[in-house]
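The values are calculated or read from the model by the stated rules, or taken from the named source; none is laboratory data. No experiment lies behind these values; they were computed from the predicted model shown. For neighbour counting, all protein chains shown are included, and Cβ atoms are generated from backbone atoms with ideal geometry for every residue, glycine included.
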Amino acid sequence: MTQENDGAGAAQRSVTVARSFAAPRELVFRAWSSAEHVRRWFCPAGFTVPAAEVDFRPGGVFAVCMRAPDGNEFWSRGAFGEIAPPERLTFHGGAEVGGTVRFTAHTTVTFETERMGTRVVVHQTYEIFDTSFHAAIDGAPEGWRTTLDNLADEVGRLCTEQGRSVVHGSFTLSRRYDAAPALVFRAFTDPAAKARWFGGGEGVEVLDRAMDVRPGGTERMKVRWTTGMVSCFEATYCDVVPDARLIYLYEMRLDARKISASLATVELRPEGAGTHLTITEHGAFLDGFEDAGMREHGTRWLLDRLAVSLDG
């Protein structure tokens with residue numbers, strides 16, 4: 001959300017953006033703490049950071065040079081205000097072009113623990129001294145969105161640096177549907193039928209979807225959630241028995257980070273006029289990602305959506 005209050009002196013503007021990351025907040029907080037980290041991510045899509053100075057303490061320098069695709073460079077020079085690990089930090093600075101400050105920005109960043117990891121909220125207020133920079137501020141929400149996408153890549157790199165680990169988990173779920181096995185099987189194997197229930201729900205943007213259900217065939221679905229996080233499901237089918245069984249291997253990624261590799265079995269058998277479905281999964285959760293029952297919870301939710309799609 002962006003707001004403006006025009007009054008005496010500089011124009012006042014504000015922007016608030018939020019994004020979730022599949023990592024603990026201590027690690028996400030660390031990605032702001034040094035020039036080495038900041039150079040990898042603190043810029044919108046298409047820009048680079050050729051130079052940065054970060055003295056991570058209250059009053060310490062925070063200066064970043066952003067290089068645009070056309071080669072022009074823009075410096076933001078300022079200092080940190082509050083640093084409260086791993087909950088909150090503030091910094092302020094002025095954006096310089098040709099040695100003149102065109103606008104100033106005061107930034108507050110909060111880090112909140114949530115089920116999938118960490119939610120980062122960035123609130124930035126501006127004083128604009130050069131009216132030609134109104135358009136730049138208008139683009140701030142999208143600029144921050146792509147900047148936080150870059151941060152997700154850096155967070156994934158830091159997760160990998162922490163060391164390799166594997167945690168195993170399994171679950172089995174059963175459902176009865178008032179539909180013949182052929183209809184339930186079609187809901188898993190027909191692209192249009194599966195799109196009705198296998199997804200993120202309202203407000204989730206589907207970025208990519210493709211499926212080829214046969215032994216050796218693959219399926220892929222990539223979505224952007226309302227939290228800003230991008231997840232990707234990539235499967236390879238091992239066994240397909242029409243109206244009776246599906247077995248597939250799949251990997252899950254959150255942003256650029258591979259979080260799991262799993263084996264899933266879907267079994268269908270007639271039960272009266274309907275179908276008894278059993279789904280079993282064995283997962284390996286990778287490099288510090290803690291599932292904490294989320295995969296089972298998510299599968300229950302999807303099977304409920306499947307019931308609604310079969311009734312429709």
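List of remarks:
- Of the residues making up the range 228-250, just one is surrounded by fewer than 16 Cβ atoms within 10 Å (Cβ to Cβ), touching a residue at least 40 places away in the same chain (Cβ under 8 Å) and not hydrophobic (A, V, I, L, M, F, W, C), namely PRO242.
- VAL101 at pLDDT 90 or above, assigned to a strand (DSSP E or B) and outside the structural domain of ASP255 (by TED's automatic domain parsing): no
- Tally of residues being at pLDDT 80 or above and surrounded by 17 or more Cβ atoms within 10 Å (Cβ to Cβ) across the range 117-140: 9
- Residue check, HIS282 assigned to a strand (DSSP E or B), touching a Leu at 6+ places or on another chain (Cβ under 7 Å) and surrounded by fewer than 18 Cβ atoms within 10 Å (Cβ to Cβ): yes
- Within the range 205-250, tally of residues that are more than 18 Å from GLU281 (Cβ to Cβ) and touching a Gly at 6+ places or on another chain (Cβ under 7 Å): 4
- When HIS134, HIS106 are checked against the criterion of being in the same structural domain as ALA35 (by TED's automatic domain parsing), of a type outside the set (A, V, I, L, M) and not in a strand (DSSP E or B), a single residue qualifies: HIS134.
One line per residue, one yes/no per condition, for (1) farther than 30 Å from VAL241 by Cβ; (2) aromatic (Phe, Trp, Tyr); (3) at pLDDT 95 or above:
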residue: SER174; (1), (2), (3): no, no, yes
residue: ALA182; (1), (2), (3): no, no, yes
residue: PRO191; (1), (2), (3): no, no, yes
residue: TRP197; (1), (2), (3): no, yes, yes
residue: GLY200; (1), (2), (3): no, no, no
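- Residue pairs meeting the criteria (Cβ under 8 Å; at least 6 apart or on separate chains; first in contact (Cβ under 8 Å) with a residue 60 or more places away in the chain and within 16 Å of VAL155 (Cβ to Cβ), in the range 105-128; second among the hydrophobic types (A, V, I, L, M, F, W, C) and surrounded by fewer than 16 Cβ atoms within 10 Å (Cβ to Cβ)): VAL109/VAL121; GLU112/VAL121; MET116/MET294
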